[in-house]
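A.B. asks: My structure is below; once you've seen it, I'll send some questions.
The values are calculated or read from the model by the stated rules, or taken from the named source; none is laboratory data. All values derive from a computational prediction rather than experimental measurement. Glycine also receives a Cβ, built like all others from the backbone with ideal geometry; neighbour counts cover every protein chain displayed.
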Amino acid sequence: MSRLNETNTKSAREIIAKYPRPKSALIPLLHLSQEQNGYITREAMQHLGELVGVTSAEVYGTATFYEMFKFEPIGKYLINICRTMSCALMGANELMHHAEKKLGVNAGGTTPDGMFTLAHAECQAACTEAPTLQVNYRYRLRVTPTDLDNLIDNLRDGKLKDEFPPHGVLSKVRQIIPADRAVGAKDPEDVNESPAWLDGKAAL
Amino acid sequence: MVRRQGRTVSKTYVHAPGFVAGDRPKIVTSRFEFADSYTLERYLATDGYKGLRAALSRPANEVHEDVKSATVLGRGGAGFPAGVKWGLTPQQVWPRYLVVNGDESEPGTYKDRLLMECDPHQLIEGCLIACYAAGLSQCFLYIRGEMAVAQERVAAALNEAYAAGYIGKNILGSKFSVDIILHWGAGAYVVGEETALIESLEGNRGMPRLKPPFFPAANGLYGQPTIVNNVETLANLPWLLNHGVAAYTAIGTKTSPGTRMIAVSGHVKRPGVYEIINGTTTFRDLIYGQEFCGGIRNGNALKAFVPGGGSAPWFTPDQLDLPFEASQVGPAGSMLGSGAVMVMDETTDIPAAALTLTHFYAHESCGKCTPCREGGTWLERILRRVVDGDGTDADLQQLLEVGAMICPGAFPHAANEKLGLQAVAFPYKMTTICFVGPSAFAPVHSALTLFRSEFEARVKKRVTIPVTAVGVSV
């Protein structure tokens, strides 16, 4: 029962149509599937394979390359603490030790209530605001141990539901191309002449 | 801008955390001061889509010529001029694609994320200008997976721009039509390499392709000519087209015109992302200047700094007066890379700092090339042993030997007066397809070359036991 549901299958078909070749949609579809189920299941990979026309082994091959796809259930909130240089220089290790104590799990572990998964992360692109962490890929900057305690308490009490959607939900805004504005995918099989605007004259 | 006692004081904004504004020419960060900088309304009120209009009212080849003569350097790492790159596509092969590299993940770097979060329309306008000028039929905007807010802001901006007629069929009523497709990654550093990005966009494991012979401009996405440009590079185009080549090249130097966004992190008083004037600003200005970082925290002494993202060989205070100019930084033994300076003060444990970077690259190796897959892991393990105090003096030699398997020959490093070292110029030779492997070695080599005594203080002397001494009769 973890194939894409009807609504998501419809969105999947729309996503596939944007690309010249269906397999290009695989990563967006894996995200869609992870959003629906919280992680990537075997059945989901089979379904995605059917949708884009590759074997489920190929889907598995692609999915396992990328850090963000999980293959078993994890906590509702994934807390990634950055440990690369800039954060390490500003106390990321100490922050991780504090988090491990606070949550009672080691890095990589999930709390028994299924609320939190704690993990080390590599550079999160917020280096000047070190040490940083992400909860479900949304930032908290210049995090002190007290900030971390408050964050975890508030998440547990459900106070930050709007800021941090559950793990799997990535962007809350989707790109929608209106049918009357869409140019359509440019497949090398169909297109073999130069674009109309390259006629040596101004377009406007 | 606040002026106190005739001195410029930098300004920060709650809605753009990390960014520090200054009293300098702004090209890409001009809208960051507005809390609603990411909306179409604000964009249109601040010269938005004027550059596109200016471009479309001229033939495409003239626009391409402008970008070429303005020498808009690539801001992703290699610093290759965008206009020249666009011209490398083979004649009469269609369709051609634009792939926007928003997979920013080089340690220390973040500017593309800010540009996507704070001014997505500027990026979109840049993409449109590039597609028009270089005859690119479809654009794929690839954003790093871990940047949820950037994805939301860009998605919302694309939706607004489509509805307002700036993207899609017959843009602004002209014969120019192009779709921009938003695509997210899913967490893999190596995908920032342009051929790996294309593999990822084709739905595969993000492993780099062998080049030469085929660079993406000749043979990229689906085997078609493909231009891969960095977010900041494209974000420069609207301003360039709106204000003209002369205004653009009037800022900075002839070989490095315009501005650059630089993230300065680590042990400085005011870490932040600054838009600096290219080519003339020096590392000393940036680290010690009052309008920039204002010096080292607690008045400490500077020990070393990484000048261009985690992959770059390190500099020491001897190199502070170098400007942000590739033709000077290269011969001095490093690179400008992706615009990230990481500063280490006198309290820094150098071997441990090097380990954080080597760990990063070993972890992010895609596994395609053996020297990187095995060598990176070896480097990390040996270095960790040394940092943990379990290493011997033989380990230090071993680190250099493993590194030589990834980068044969002399590895670039800075000059050092105290140690009597002459600079070895960038770049290096490499046995891998992409730069992940050499990058794992760069911090190890820099740290060992410039701060060897710190390693020696940590390792034990290896005791050599003669075979006859352990009871083996010969």
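A.B. asks: Please find, among B:ALA186, B:ALA217, the residue that is within 28 Å of A:ALA63 (Cβ to Cβ), under 23 Å from the mean Cα position of the chain (by Cα) and small (Gly, Ala, Ser).
C.D. replies: The conditions single out B:ALA186.
A.B. asks: So, of the residues in the range B:329-373 that are polar (S, T, N, Q) and within 20 Å of the chain's Cα centre (by Cα), which turns out to be nearest to the other protein chains (Cβ to nearest Cβ)?
C.D. replies: Step by step, filter the range B:329-373, then rank; the result is B:THR356.
A.B. asks: Follow-up. Does at least one position in the range A:136-146 carry a residue that is of a type in the set (S, T, N, Q), surrounded by fewer than 20 Cβ atoms within 10 Å (Cβ to Cβ) and more than 10 Å from chain B (Cβ to nearest Cβ)?
C.D. replies: Yes - at least one qualifying residue is present in the range A:136-146.
A.B. asks: Now for a separate question. Return the total of residues in the range B:394-450 being in contact with an Asp or Glu (Cβ under 8 Å, 6 or more places away or on another chain), modelled with pLDDT of 95 or more and of a type outside the set (A, V, I, L, M, F, W, C).
C.D. replies: Residues meeting the conditions: 1.
A.B. asks: Which condition number does B:SER256 fail, the rest of (1) among the small types (Gly, Ala, Ser); (2) closer than 17 Å to B:SER10 by Cβ; (3) under 23 Å from the mean Cα position of the chain (by Cα) being met?
C.D. replies: Tallying (1) among the small types (Gly, Ala, Ser); (2) closer than 17 Å to B:SER10 by Cβ; (3) under 23 Å from the mean Cα position of the chain (by Cα), B:SER256 fails exactly one: (2).
A.B. asks: Based on what the data block shows, is B:PRO371 crowded, with 17+ Cβ neighbours inside 10 Å and under 16 Å from B:SER311 (Cα atoms)?
C.D. replies: Spelling it out, it is not the case that B:PRO371 is crowded, with 17+ Cβ neighbours inside 10 Å and under 16 Å from B:SER311 (Cα atoms).
A.B. asks: Answer yes or no as to whether B:THR255 is touching a residue at least 60 places away in the same chain (Cβ under 8 Å) and either in a loop (DSSP other than H, G, I, E, B) or out of contact with any helix residue (DSSP H, G or I) (no Cβ under 9 Å at 6 or more places or on another chain) (or both).
C.D. replies: Yes: the conditions hold for B:THR255.
A.B. asks: Any chance the range B:255-267 includes a residue that's over 27 Å from B:PRO17 (Cα atoms) and within 14 Å of chain A (Cβ to nearest Cβ)?
C.D. replies: No - not one qualifying residue is present in the range B:255-267.
A.B. asks: While we're here: All but one of (1) more than 10 Å from every other protein chain (Cβ to nearest Cβ); (2) touching a helix residue (DSSP H, G or I) at 6+ places or on another chain (Cβ under 6 Å) hold for A:LYS161, so report the exception by its number.
C.D. replies: If we test A:LYS161 against (1) more than 10 Å from every other protein chain (Cβ to nearest Cβ); (2) touching a helix residue (DSSP H, G or I) at 6+ places or on another chain (Cβ under 6 Å), just (2) comes out false.
A.B. asks: Which of the residues belonging to the range A:164-204 are facing chain B (nearest Cβ under 7 Å) and acidic (Asp, Glu)?
C.D. replies: A:GLU193
A.B. asks: Related question: So which pairs qualify, if the first residue must be in the range B:157-182 and modelled with pLDDT of 95 or more, the second must be of a type in the set (D, E, K, R) and not in a helix (DSSP H, G or I), the Cβ gap must be under 6 Å, and the two must be at least 6 apart or on different chains?
C.D. replies: Once the first residue is modelled with pLDDT of 95 or more and sits in the range B:157-182, its partners that are of a type in the set (D, E, K, R) and not in a helix (DSSP H, G or I) give B:TYR162/A:ARG181; B:GLY168/A:ARG181; B:LYS169/A:ARG181; B:SER177/B:LYS169.
A.B. asks: If you scan the range B:79-93, which residues turn out to be free of Cβ contacts under 8 Å to residues at least 60 places away in the same chain and either among the basic types (Lys, Arg) or within 11 Å of another protein chain (Cβ to nearest Cβ) (or both)?
C.D. replies: B:GLN91, B:GLN92
A.B. asks: Can you tell me which residue within the range A:1-20, out of those that are surrounded by fewer than 18 Cβ atoms within 10 Å (Cβ to Cβ) and within 14 Å of chain B (Cβ to nearest Cβ), is nearest to the chain's Cα centre (by Cα)?
C.D. replies: Top of the filtered list is A:SER11.
A.B. asks: When you scan the range A:102-124, do you find a residue that is of a type in the set (Gly, Ala, Ser), out of contact with any Asp or Glu (no Cβ under 7 Å at 6 or more places or on another chain) and within 23 Å of B:ALA16 (Cα to Cα), even just one?
C.D. replies: Within the range A:102-124 (the criterion being of a type in the set (Gly, Ala, Ser), out of contact with any Asp or Glu (no Cβ under 7 Å at 6 or more places or on another chain) and within 23 Å of B:ALA16 (Cα to Cα)), the answer is yes, since at least one residue qualifies.
A.B. asks: Residue check: is B:LEU197 within 27 Å of A:THR55 (Cβ to Cβ) and in contact (Cβ under 8 Å) with a residue 40 or more places away in the chain?
C.D. replies: yes
A.B. asks: Note down all Cβ pairs under 7 Å where the first residue falls in the range A:153-167 and is closer than 15 Å to A:ARG138 by Cα, the second is modelled with pLDDT of 95 or more and among the aromatic types (Phe, Trp, Tyr), and they're at least six residues apart or on different chains.
C.D. replies: A:LEU155/A:TYR77; A:LEU155/A:PHE164; A:PHE164/A:TYR77; A:HIS167/A:TYR77
A.B. asks: Let me ask something else. Tell me, which residue of the range B:304-328 that is within 12 Å of another protein chain (Cβ to nearest Cβ) and out of contact with any Phe, Trp or Tyr (no Cβ under 8 Å at 6 or more places or on another chain) is nearest to B:SER10 (Cα to Cα)?
C.D. replies: By that ranking, first place goes to B:GLY309.
A.B. asks: State all residues of the range A:78-118 that are small (Gly, Ala, Ser) and crowded, with 20+ Cβ neighbours inside 10 Å; if no residue qualifies, say none.
C.D. replies: The answer is A:SER86, A:ALA88, A:ALA92, A:ALA99.
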